[in-house]
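*Asks:* Quick one: the structure is below, and I'll ask about it shortly.
The values are calculated or read from the model by the stated rules, or taken from the named source; none is laboratory data. Computed from a prediction, not measured in an experiment: that's the story for all the values here. A quick note on method: Cβ atoms are made from the backbone with ideal geometry, for glycine too, and the neighbour counts reach across all protein chains shown. Protein only, heavy atoms only, side chains kept; ligands, DNA and RNA dropped before computing areas. Shrake-Rupley method; radii C 1.70, N 1.55, O 1.52, S 1.80 Å.
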Amino acid sequence: MATVQLKNICKVYDGGVKAVDNVNIDIEDKEFVVLVGPSGCGKSTTLRMIAGLEDITSGELLIDGKLVNDVPPKDRDIAMVFQNYALYPHMTVYDNMAFGLKIRKFAKEEIDRRVRAAADILEITELLDRKPKALSGGQRQRVAVGRAIVRQPKVFLFDEPLSNLDAKLRVQMRAEISALHHRLQATMIYVTHDQVEALTMADKIVVMKFGVIQQIGKPLELYNEPQNKFVAGFIGSPPMNFLETKVEARGNDIYIVEVAPENEKEETKQFKPFDLKVLPEQAKFLKPYVGKEVIFGIRPEDVEFSKEAQEGVTINGHTTVVEPLGSETHVYVATKNGQVIGKIDPKHTVTSGVRIALVPDMTKAKFFDPDTELVLGSKVPLMAPSAVGQKKED
Ligand code: ADP
């Protein structure tokens, strides 16, 4: 059993940098939780406070319901895997894995049993006599994980463990860590800036920005129901398209109309700003915005190629870049006042520099308030705008 609770956790570094701002997370036993966000958002600081490597400025950290703010790292029963692996270069793989147990005065036989069992799980038995410099990046990574496994900790912490690996190995190790989680049935907290790692590995994702939690949820919850523009843009690749639009009432219907640019580009003079009729349930929450601007969000996979432009239905523009990927084609479309990336069926032959019309699936459309950047019409209560996170510096 190992639950981890962060209650109103703050971290202010010497010099006044507020790296973590009132963070609340409930981590259940056996859960795989990923903290994700751009560089500098406070995820490593949060992890290091859980590890006990960084003091907690205020708030409470509980492991299995016990307050551990002042418990030293070695007594917290957690093991951490670092980005740079932190292996001892002069020791063999075996000794690197055994070291933590030796200093904890485990019996030699028990150490041997645990090291060999972990080596077996990680398929590194034949490397036990080697020194780290004779290992590939992926093998070093496995040794670093092995060193954590032998401790049989209550909680595993991972700090960007895959970022030093090449793209192919990263995909492989990602699956291995997920399989390991399944096998060990342990509580794991994993930090990454890579939203794909978060989506593929997590039971629960915590998205952070400027030290503030933006949203916590299951991967597909965040993907399908992002609470604000930041989460919508951060989760998913290519990212969600955002376009500035104005809300208009036409008879009983509500339309969003692309805001015209201040300086018209030559290529886009030939077509009008797009307008889109919204669905009746969207009209309900957009009515108060009539005459005002909202940000229209649509994911690249939620637009379809259309043969012709159609008022109220299509986004019109011209293609600037076409990327055929085999299974799908990414088209970059310059609209009157912005850009839309579309993932379209490769059966449509599209070249760059031509007129194109895309039909957005309005059932998937998102609308954001331009000031608070919160999603409109959410079915769940949203965090207060003040909690969305403001950049502290500049
Ligand atoms: P992330 O892991 O998301 O990249 P960090 O937790 O490392 O972010 O950093 C969060 C913020 O705290 C950043 O603004 C960073 O510059 C600052 N920071 C990190 N470590 C220290 C430190 N030891 N002293 C002062 N500021 C720090």
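*Asks:* For a quick check of understanding: with a 1.4 angstrom probe and all protein chains in place, what accessible area in square angstrom does His90 have, to the nearest ten?
*Replies:* Its heavy atoms expose roughly 130 Å² to the probe.
*Asks:* For the chain, what is the accessible area per residue in Å² when the probe is 1.4 Å?
*Replies:* Result: 48 Å² per residue.
*Asks:* Hey, got the dipole for the range 284-391? About the Cα centre, +1 on K and R Cβ, -1 on D and E Cβ, debye to the nearest 20?
*Replies:* 220
*Asks:* Related question: Can you pull the accessible area of Ile341 for me, 1.4 Å probe, Å² to the nearest 10?
*Replies:* Solvent-accessible area, nearest 10 Å²: 20 Å².
*Asks:* In addition: Can you show me the helix-derived [θ] at 222 nm for the chain, built from DSSP H runs with n ≥ 4 at -39,500 (n - 2.57) apiece and divided by the number of residues, rounded to the nearest 500. Present the calculation step by step, with values, prior to reporting the outcome.
*Replies:* Numbers: 9 runs with 93 residues, N = 394.
Per the formula, -7000 deg cm²/dmol.
*Asks:* Just to verify a number: FRET efficiency for Glu109 and Asn22, C-beta to C-beta distance, R0 = 51 Å, to 0.05?
*Replies:* 0.60
*Asks:* Given labels modelled 7 Å from the Cα in the Cβ direction, how far is it in nm from Lys30 to Ser352?
*Replies:* Result: 5.1 nm between the two label points.
*Asks:* Among Val145, Val322, Val294, whose mean-square fluctuation peaks in a Gaussian network model of the chain (Cα, cutoff 10 Å)?
*Replies:* Among Val145, Val322, Val294, the largest mean-square fluctuation in the Gaussian network model of the chain belongs to Val322.
*Asks:* How many nm separate the modelled label positions at Asp371 and Lys102, each set 7 Å beyond the Cα in the direction of the Cβ?
*Replies:* Modelled inter-label distance: 6.4 nm.
*Asks:* Rule-of-thumb check for the chain: C-alpha Rg over 2.2 N^0.38 Å?
*Replies:* Compactness ratio reported: 1.18.
*Asks:* So what is the orientation-averaged projected area of the range 115-270, using the convex hull of its C-alpha atoms, in nm²?
*Replies:* Details: hull surface 61.0 nm².
If you wrap the Cα atoms of the range 115-270 in a convex hull and average its projections, you get 15.3 nm².
*Asks:* I've got another one for you. How do the peptides 134-143, 107-116 rank, highest first, by the average count of neighbouring beta carbon atoms within 10 Å per residue?
*Replies:* Going by the mean number of other Cβ atoms within 10 Å, highest first, we get 134-143, 107-116.
*Asks:* Kindly state, to the nearest 0.05, the FRET efficiency for Asp14 paired with Asp120, given R0 = 45 Å and r defined as their beta-carbon distance. Present the calculation step by step, with values, prior to reporting the outcome.
*Replies:* Working: r = 45 Å, r/R0 = 1.00.
FRET efficiency, Asp14 to Asp120: 0.50.
*Asks:* Just flag the trypsin sites (Lys or Arg not before Pro) in the range 325-362 sitting in loop per DSSP whose Cβ has no more than 14 other Cβ atoms within 10 Å.
*Replies:* Lys347
*Asks:* Output the antiparallel fraction of DSSP beta bridges having both residues in the chain, as a percent to the nearest 5.
*Replies:* Percentage antiparallel, nearest 5: 75.
*Asks:* Let me ask something else. Relative contact order for the range 192-266: what percent, with Cα pairs under 8 Å and sequence separation of 6 or more?
*Replies:* Averaging sequence separation for qualifying contacts and normalising by length gives 18 percent for the range 192-266.
*Asks:* Would you mind getting me the FRET efficiency between Leu325 and Glu248? Use the beta-carbon distance for r and R0 = 30 Å, nearest 0.05. Intermediate values should be presented prior to the final figure.
*Replies:* Numbers: r = 37 Å, r/R0 = 1.22.
Efficiency at R0 = 30 Å is approximately 0.25.
*Asks:* Which residue, Pro288, Asn252, Ala167, has the largest displacement toward the positive end of the dipole of the chain when charges sit on each Cβ (Lys, Arg +1; Asp, Glu -1)?
*Replies:* The residue sitting most towards the positive pole is Ala167.
*Asks:* Over the chain, what percent of the accessible surface lies on carbon and sulfur atoms, probe 1.4 Å? Working shown, then result.
*Replies:* Details: 9510 of 19020 Å².
Using a 1.4 Å probe with all protein chains present, the chain comes out at 50 percent carbon and sulfur.
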